[in-house]
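Following: one structure in structure tokens, then a few remarks.
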Amino acid sequence: EYLKWIGKRKDIVSVYRTFIENYVEDFVKRDGRVHPSYNQIGTSSFRISGDTPNLTQLPRPKHGYNVRECFTVEDGYVFITFDFSSCEVKVLGAVSKDPSLLKAIAEGKDFHSYTACVINEWDYNYFVNVLEDEEHSDFKRFKLARQAAKTTTFGLLYGSTPAGIASNLGITLAEAQHIIDLYFKAYPDMKKFVDDSHAMTVMNKYVFSPFGQRKMEYGALDIFKKTALYNAAKRNSQNVRIQSPASTLGLIAFTLLN
């Protein structure tokens, strides 16, 4: 309970210092509005980022607080929000061409539920029906399985280590590695995509995104072999090849809207 309290306090303090304390003085201009900046090359994966203020990472409602409600518009105007549904997963399907992954996308299935079912050899329709019934005896087990599948997917997309996935799920390293092994058994072409990304990095010291952006991976230089930096460069390569085109598609959409 004490650790939960510490975590809650840390979250609240972080939100306060980032989005409340001195926020008006620092970011609100004379016209009463905020004018954030967006950086097209602000991250190592070419994912768009923002600053002054960073509206790309407004925290979701948590602990009874919702910072997003602090942002309002003038009378007669509304906020419009839109998002690509599972964009990075679909990009992963396009570049890896894994048939099982493409099948799930084409059929419009909830990918994380689908992955949990493929890994554990469960019936998909039964699984999603159980998740709609919190009183069902399998609800908690299936919910945890879906979370494990989701954490593994984004962990692999973002270049996380087995240790990182284990930490996020609160399980042992051996258990995390077992989930990853089952994951790649279910999606073998996804494993090939990861291996090809690493090979491209080691050979060229850079990777190309599907849209032609080149990202140098200096950590892959021979001088860094057998170091954490070398392995991090290889993992970042798979991240670049997914997040870069996902971000580019978003920028194209923004341009067309203007």
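Rolling a 1.4 Å sphere over the protein heavy atoms, what is the accessible area per residue of the chain, to the nearest Å²?
65 Å²
State, to one decimal in nm², a quarter of the convex hull surface area for the C-alpha atoms of the range 147-191, i.e. the direction-averaged projected area.
Reported value for the Cα convex hull: 2.6 nm².
Summing -39500 (n - 2.57) over the DSSP H runs of n ≥ 4 in the chain and dividing by its residue number, what mean residue ellipticity at 222 nm do you reach, to the nearest 500 deg cm²/dmol?
-18000 deg cm²/dmol
Quick check: the distance between the Cα centres of the range 224-238 and the range 81-159, to the nearest angstrom?
Cα centres, the range 224-238 to the range 81-159: 28 Å.
In whole Å, how far is the Cα centre of the range 33-70 from that of the range 190-219?
Spelled out, the Cα-based centre of one part sits 28 Å from the other.
Tell me whether the range 1-116 comes out rounded, prolate or oblate; compute the Cα gyration tensor, take square roots of the eigenvalues as a ≥ b ≥ c, and use a/c under 1.5 as the rounded threshold. Could you put the intermediate results ahead of the total?
On the way: a/c = 2.16, a/b = 1.55, b/c = 1.39.
Prolate, since a/c reaches 1.5 and a/b exceeds b/c.
Diagonalise the Cα gyration tensor of the range 193-235 and give the resulting equivalent ellipsoid semi-axes, square root of 5 times each eigenvalue, largest first, whole Å.
18, 10, 8
Tell me the Kirkwood radius of the range 51-123: reciprocal of the mean inverse pair distance over distinct alpha-carbon atoms, in Å.
15.9 Å
If you take the Cα Rg of the chain and divide it by 2.2 N^0.38 Å, with N the number of residues, what do you get?
Details: Rg = 20.8 Å, N = 258, 2.2 N^0.38 = 18.1 Å.
It is 1.15.
Please list the equivalent ellipsoid semi-axes of the range 74-220, computed as the square roots of five times the alpha-carbon gyration tensor eigenvalues, in descending order and whole angstrom.
Value: 28, 23, 16 Å, ordered largest first.
Ignoring ligands, DNA and RNA, what percent of the accessible area of the range 1-158 is carbon or sulfur (1.4 Å)? If you can, show how the numbers build up before the last one.
Numbers: 5770 of 11200 Å².
Percent of accessible area from carbon and sulfur atoms in the range 1-158: 52.
Normalised by the residues of the range 120-243, what does the relative contact order come to in percent, with Cα pairs under 8 Å and at least six apart?
Rounded, it is 20 percent for the range 120-243.
The values are calculated or read from the model by the stated rules, or taken from the named source; none is laboratory data. Nothing here was measured: the structure is a model prediction, and the numbers come from that model. Areas reflect the complete protein model, heavy atoms only, side chains present, ligands, DNA and RNA absent. Shrake-Rupley method; radii C 1.70, N 1.55, O 1.52, S 1.80 Å.
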